[in-house]
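Shown next, in structure tokens, is the structure this report addresses.
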Amino acid sequence: GAVVSQHPSWVICKSGTSVKIECRSLDFQATTMFWYRQFPKQSLMLMATSNEGSKATYEQGVEKDKFLINHASLTLSTLTVTSAHPEDSSFYICSANAADRGYGYTFGSGTRLTVV
Amino acid sequence: AQRVTQPEKLLSVFKGAPVELKCNYSYSGSPELFWYVQYSRQRLQLLLRHISRESIKGFTADLNKGETSFHLKKPFAQEEDSAMYYCALLGGGYNKLIFGAGTRLAVHP
């Protein structure tokens, strides 16, 4: 199969601290990964496109300095929420394109972030 | 602008009834469309894609370019079909997926 592993599955942090979320493609290489944010009972909103070896491409309205993305290898992308505030509390989901494996876009299980 | 519209937030039917989840899109090029499903406490997973013209779990979807629609249909709903369904469009740079707002399907016994 084409599996995307996302960690942690949930995290609680204090306001002002930073949180790192990892997204790994376990059995395929992903030059491009995507980070989404999902509010309760709402759809997935694309935050940014993570490109291996280069800078991420952010969607309009997403703060680059708040949501740092690093895609250092073909199997790992990280999203760091810096100086987190309660309004950053949300469900974050990553995705990778496993089209080469015939699986299309594969999603991680998501990370629920709660900032207190 | 690229956009996916799912007009219904909730669709509630009885077991055995036909189901149609609506999806309309806006895209200037040749669209590639998908339906994703998210069962309770599970990750998002691909249900079907229009280029495959396949039927998965009894669901089908036909791309209608004239009406810019990609509605998801199933003739006889089952209780296990209860889930969130998202229509998605592949487009833009880096082939990013644009999602609709989602429709919750509730199938009652």
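Here are the numbers:
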quantity	calculated
Filter result (of a type in the set (Lys, Arg) and within 14 Å of chain A (Cβ to nearest Cβ)) within region B:12-49	B:Arg41, B:Arg43, B:Arg49
Tally, over region B:65-105, of residues that are under 15 Å from B:Ser12 (Cβ atoms) and exposed (fewer than 15 other Cβ atoms within 10 Å of the Cβ)	2
Where a residue in region A:24-46 is facing chain B (nearest Cβ under 9 Å) and its partner, wherever it lies, is surrounded by fewer than 20 Cβ atoms within 10 Å (Cβ to Cβ) and at pLDDT below 90, with Cβ under 7 Å and at least six apart	A:Thr32/A:Asn51; A:Thr32/B:Tyr94
Failed criterion for A:Ser18 (all others in (1) away from chain B (no Cβ under 11 Å); (2) of a type in the set (Gly, Ala, Ser); (3) more than 14 Å from A:Ser89 (Cα to Cα) hold)	(3)
Matching option when the condition is over 22 Å from B:Leu97 (Cβ atoms) and hydrophobic (A, V, I, L, M, F, W, C), among B:Leu44, B:Leu10	B:Leu10
Meets criteria (away from every other protein chain (no Cβ under 14 Å), modelled with pLDDT under 95 and in a strand (DSSP E or B)) for A:Ala96	no
Cβ-Cβ under 7 Å pairs, at least 6 apart or on other chains, region B:14-32 side of a type in the set (Ser, Thr, Tyr), far side surrounded by 18 or more Cβ atoms within 10 Å (Cβ to Cβ)	B:Tyr25/B:Val4; B:Tyr25/B:Pro31; B:Tyr25/B:Leu33; B:Tyr25/B:Phe70; B:Tyr25/B:Leu89; B:Tyr27/B:Leu89; B:Tyr27/B:Gly91
Region A:90-109, residues that are within 13 Å of A:Tyr36 (Cα to Cα) and surrounded by fewer than 22 Cβ atoms within 10 Å (Cβ to Cβ)	A:Ser90, A:Phe91, A:Ser109
Check on A:Thr80, surrounded by fewer than 22 Cβ atoms within 10 Å (Cβ to Cβ) and part of a strand (DSSP E or B)	yes
Matching residues, region A:48-68, being surrounded by 12 or more Cβ atoms within 10 Å (Cβ to Cβ), part of a loop (DSSP other than H, G, I, E, B) and within 14 Å of another protein chain (Cβ to nearest Cβ)	A:Glu52, A:Lys55, A:Ala56, A:Glu59, A:Val62
Residue count, region A:3-43 (criterion: within 30 Å of B:Lys9 (Cα to Cα) and not in a strand (DSSP E or B))	8
Considering residues of region B:39-64 that are touching a Gly at 6+ places or on another chain (Cβ under 9 Å) and not charged (D, E, K, R) only, the residue surrounded by the fewest Cβ atoms within 10 Å (Cβ to Cβ)	B:Leu46
Residues of region B:61-71 satisfying the condition of being in a loop (DSSP other than H, G, I, E, B) and either over 15 Å from the mean Cα position of the chain (by Cα) or small (Gly, Ala, Ser) (or both)	B:Lys65, B:Gly66, B:Glu67
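Yes/no per residue for (1) more than 11 Å from chain A (Cβ to nearest Cβ); (2) of a type in the set (Asp, Glu); (3) without any contact (Cβ under 8 Å) to a residue 24 or more places away in the chain; (4) not in a strand (DSSP E or B):
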position	(1), (2), (3), (4)
B:Ile51	no, no, yes, yes
B:Lys73	yes, no, no, no
B:Met84	no, no, no, no
B:Ala101	no, no, no, yes
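The values are calculated or read from the model by the stated rules, or taken from the named source; none is laboratory data. Small disclaimer: the values here were computed from a predicted structure and weren't measured. Using ideal geometry, Cβ is built from the backbone for each residue, glycine included, and neighbour counts are taken over all protein chains shown.
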